[in-house]
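Enquirer: Take this structure, written in structure tokens, and hold onto it; I'll ask about it next.
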Amino acid sequence: MQKQAIFQSRLLPYALVAPQLAIVLIFFYWPALQAVIQSFLLQDAFGLSTTFVWFENYVELFKDAAYFEAIVRTFLFSFAIAVSSLSFALLLAVMADKPLRGSMLYRTLLIWPYAVAPPVVGVLWIFMLHPSLGVLSRYLRNMGVDWNPLLDGDQAAALIILAAAWKQISYNFLFFLAGLQAIPKSVFEAAAIDGARPMRRFWTVTFPLLSPTIFFLLVVNIVYAFFDTFGIIDTMTRGGPGTSTVTLVYKVYSDGLLGGNLGSSAAQSVILMVMVIVLTGIQFRFVERKVTY
């Protein structure tokens, strides 16, 4: 029999849930509603008057070639960040799951980077790979690599992907390690008795049993790449050189706060929110079919 919580007062359950609901309403739903309303308005340069323009902000966005470039760039960034961070995290988790001396210390050290804020991550990596001051950039120049992300857009994009993926590896590592430890050892022993080599055991036993964790982390990493990379981009490149590292979330900031076009910025935030919801729905609709629970 399942035990059910019994409250002495009917209002107590609602009182316990009320603080969380208040936080969600004030800091999530209310700003989202304000963004939707703002997306239908056009404000003058001084913010003294607003005009209701219906869908004009959205129409202007879809006429802007730079906006479509930002969409393509965001999807490329998201794919590269998700694949690289998931791959390296899974590799590290498999290695850390082995019975090694000092494994607890290794696991703790691998989790630490997740506590670093995205802007701090950007500062750390720009110090290491700054074209004139960076420690690692000197080795790149000695190897004959003309490294200058301040002028080369492809190098700046690679630097953003590298820093953002490094930030997320520790988060993915934590879940992968928990997923590996939840797999019964008897399954691996049975596969070994059947003659399966370590690589075959990984792809036929470990990987399918980790599919729920991989699916969850795939959704989380896509959302992370869409939203949480803003701090890294702002501290490292500020969208440059040119617009080579301007993603959708950074374009919302640059057009709204720096450009003063609040209506367009709000419309971009609404479109970004819808894109993430649709993308997450597609993942749950199609990718989840291949998940083994």
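The values are calculated or read from the model by the stated rules, or taken from the named source; none is laboratory data. Note that the coordinates shown come from a computational prediction; the quantities given were computed from them, not determined experimentally. Note: ideal-geometry Cβ built from the backbone for every residue, glycine included; neighbour counts use all protein chains shown. Keep in mind that these areas ignore ligands, DNA and RNA; they rest on the heavy atoms of the full protein, side chains included. Shrake-Rupley method; radii C 1.70, N 1.55, O 1.52, S 1.80 Å.
Enquirer: So if I take the alpha carbon set of the range 44-87, get Rg, then get Rh from the Kirkwood formula, what is the Rg over Rh ratio?
Expert: On the Cα set of the range 44-87, Rg over Rh gives 1.27.
Enquirer: Of the peptides 75-88, 58-71, 104-117, how do they stack up when ordered by the mean number of other Cβ atoms within 10 Å, highest first?
Expert: 75-88, 58-71, 104-117
Enquirer: Quick one: which residues, 5 or more positions from Leu41 or on another chain, have an amide H under 5 Å from its amide H? H modelled 1.01 Å from N in the peptide plane, none for Pro or chain starts.
Expert: Close amide H contacts, sequence-distant or interchain: Val53.
Enquirer: Sticking to Cα atoms, compute the Rg of the range 187-257 to one decimal and its Dmax as the biggest Cα-Cα distance, whole number, in Å.
Expert: My reading of the Cα-based Rg and Dmax gives 20.8, 63 Å.
Enquirer: If you consider only alpha-carbon coordinates, what radius of gyration and Dmax does the range 76-131 have, in Å?
Expert: 14.1, 41
Enquirer: Right, next: How big is the Cα convex hull of the range 1-159 in projection, averaged over all directions, in nm²?
Expert: 20.5 nm²
Enquirer: Quick one: check the C-alpha center-to-center distance for the range 95-144 versus the range 158-225, whole angstrom.
Expert: 21 Å
Enquirer: Once amide H atoms are built 1.01 Å from N in the peptide plane, which residues 5 or more positions from Gly260, or in another chain, come under 5 Å H to H?
Expert: Residues meeting the criterion, in which the H sits 1.01 Å from N, do not exist here.
Enquirer: Where the accessible area of the chain is counted over protein heavy atoms with a 1.4 Å probe, how much of it, in %, is carbon and sulfur? List each step's numbers first, then the result.
Expert: On the way: 12620 of 18150 Å².
Of all accessible area on the chain, carbon and sulfur atoms account for 70 percent.
Enquirer: Using only the alpha-carbon atoms of the chain as identical scatterers, what base-10 log of I(q)/I(0) does the Debye formula give at q = 0.07, 0.11, 0.14 Å⁻¹?
Expert: So the normalised log intensities work out to -0.38, -0.87, -1.17.
Enquirer: How much accessible area per residue does the range 58-290 have, counting only protein heavy atoms and a probe of 1.4 Å, in square angstrom?
Expert: Working: 12520 Å² over 233 residues.
In whole numbers, the range 58-290 has 54 Å² accessible per residue.
Enquirer: What is the chain's relative contact order, in percent, from Cα pairs under 8 angstrom and six or more apart in sequence?
Expert: The value is 27 percent.
Enquirer: Sticking with this structure for a sec: In deg cm²/dmol, rounded to 500, what helix-only [θ] at 222 nm does the chain give when every DSSP H run of at least 4 residues adds -39500 (n - 2.57) and the total is split over its residues?
Expert: When only DSSP H runs of four or more count, the value is -20000 deg cm²/dmol.
Enquirer: Calculated FRET efficiency, Leu140 and Arg197, Cβ-Cβ r, R0 35 Å, to nearest 0.05?
Expert: FRET efficiency, Leu140 to Arg197: 0.40.
Enquirer: Just the accessible area for Asp194, please: 1.4 Å probe, Å², rounded to the nearest 10?
Expert: 130 Å²
Enquirer: Please express the shape of the range 91-239 as an equivalent ellipsoid: the semi-axes are the square roots of 5 times the eigenvalues of the C-alpha gyration tensor, given largest first in whole angstrom. Walk me through the numbers on the way to the answer.
Expert: Numbers: eigenvalues 257, 61, 43 Å².
That gives 36, 17, 15 Å for the three semi-axes.
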